[in-house]
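Derivation of every value follows stated rules applied to the coordinates shown; laboratory data play no part. Quick caveat: nothing in here was measured; it's all calculated off a predicted structure. Cβ: placed from backbone, ideal geometry, glycine included. Neighbour counts: every protein chain shown.
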Amino acid sequence: MWKGDGSEKDDGFVTRPILSCLHTDKERINQFYERLNSDASFVVETMLERYSAAVVPTPRIDDIVIITDISDMICRFMNEGGPDSVNDYLTHSPDVIPLLLKGIRTVLQDTQHTAEHNYAVYCSFTFVASLAPFSESTMRSALVSGILNVSLEIASNPKLLKCGNRAESLINKLQSCLIFRPVTTAAVASINNLVTRRDFNLPQMLRSTNTLFRKEWTRFETLLLEQAVILSLFDNGFAVERGSCASCKTIASRKDFFKCSGCDILLYCSTKCQESDWGRHRVDCKIVNEYLGKHLSANISRAWRRQGILQANRYWSSIIVLAQKKEIPLLDLGVQITYNSIPFKLDVFDCRKVDPSSVESILSKEVLRASSESLPCFMLKTILPRTVDIFMVYLNDARDARGDGEACRTQGAIFVDEDNNRLYPTARDVVSDIISQSHALSKSDWRKLWGSKPFEILAKKAMEDGVVF
Ligand SMILES: [Zn+2]
Ligand SMILES: [Zn+2]
């Protein structure tokens, strides 16, 4: 199939006849494997090697043809099923996305722009888009490899119209990855790079894209801005999180308690309190330990808990409205935040109706027990791409059934309810505050604010003002 490693440039022609006989026919693809006496991983490795050899600073038209053919071919192989499928292999290989993005950049930067060039970009980009949404690590390497500028360049180039809708759906799929801290950091660096590059005029490029792409891009930036502000606040020590001893019910800052080492969920103020509660908690603790295990490191869990609590506080007035709609008393309230789809979903549930045989019931029982003793708290369930986390959240005294003032509608909606109605944080919300101040700081181009430490000053100032949640 492939003679050599690409150093002999003339072997490129063989890919086209293979393509024309394969089409998308699964049967033929399998016969192809058999005839080669090989499997998906060998085929993919060989294809990527040939692709890589064609990505050179000044590609000849033969190289462009190879880039087109190979990405076209991988796309066709992608749909083929089986345990050792090309799809599986490609999804788990860390080198694929960076290589393809490099290929696209090479073709876009070439001084020549033939129809073959456009088709090469089309095939490679289709392939990149078909792999989204990415895993956390792939997303990071995709950002470092310039997935944002590639998408923008493609969306703003009228000759690449065929890729246009793929660019907007790609930007949409990338958004859900922004909830991971390393991804946020990489995305901030990536946008900062775009803004400061002299040869890249971001606002102008955006203007030449279509409305749908601009909408997705704006949502991407809004979400990124919000995540960057939240992380910046946390890094500066914002947020005093409250906790309560499961035994004596003292409420104080969470850091004043220690966690039950069995379940990592319940908090105690002293060994004495833990011992006196053990008879009651033992059975539940064992179940949590068995089913939930310590699958998350304490830090990941803490980051999600803090993020979840912050969002629940920001959207408290919406939560109350949702609870009233579903006729759930605030004492029995559960809040569910789903980060799996864009926009994120915020929903409420009744702790009394949690399946008693589920792991979640351990927490819902604790919430109901605390409520019956007039400790204001709710159960928070966070659904993430590969895991579910549950927490118990103690409410600030200021949060009550009234909600918290007018909603702030200047920002794009990050959350929707289960009927897809947009939800907006309350007006006196620190995150929205910082974001609107950032916009106001530089009227000419607020994007200049993307730096290595965005919003540091604003976050520090907000903390000096004594904002807590
Ligand atoms: Zn205690
Ligand atoms: Zn426990």
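Where does each of Arg207, Arg50, Arg305 land when they are ranked from fewest to most other beta-carbon atoms within 10 angstrom?
On the way: Arg207 10, Arg50 23, Arg305 19.
By the 10 Å Cβ count, ascending, the order reads Arg207, Arg305, Arg50.
Could you tell me how far the Cα centroid of region 74-147 sits from the Cα centroid of region 338-385, in Å? Cα centroid of region 338-385 versus Cα centroid of region 74-147: 40 Å apart.
At q = 0.08 Å⁻¹ the log10 of I(q)/I(0) for region 242-428 amounts to -0.25, computed by Debye summation with a single uniform scatterer per C-alpha, solvent ignored.
Residue exposure proxy: Ile383, Ile230, Ile342, ordered by other Cβ atoms within 10 angstrom of their Cβ from fewest to most, comes out as Ile383, Ile342, Ile230. Taking 27 Å as the limit for the C-alpha separation, the pairs Lys326/Lys460; Lys325/Lys365; Lys173/Lys345 exceed it in the case of Lys326/Lys460.
Suppose every Lys and Arg Cβ carries +1 and every Asp and Glu Cβ carries -1, with no other charges. What dipole size does region 167-271 come out with about its Cα centre, to the nearest 20 debye?
Values: 13 positive and 9 negative charges, 18 e Å.
Dipole about the Cα centre, nearest 20: 80 debye.
Note on region 242-428: with charges restricted to the Cβ of Lys and Arg (+1) and Asp and Glu (-1), its dipole about the Cα centre is near 460 debye. Once you list every other residue whose beta carbon is under 13 Å from the beta carbon of Arg306, what net charge do they have if Lys and Arg are +1 and Asp and Glu are -1? The answer is +4.
Cβ under 15 Å from Asp419's Cβ, Asp419 left aside: what net charge do those residues give with Lys, Arg +1 and Asp, Glu -1? Charge balance near Asp419 sits at +1.
Please compute, over every Cα-Cα pair in region 97-163, the percentage with a separation greater than 13 angstrom. Every Cα pair in region 97-163 considered, those over 13 Å come to 61 percent.
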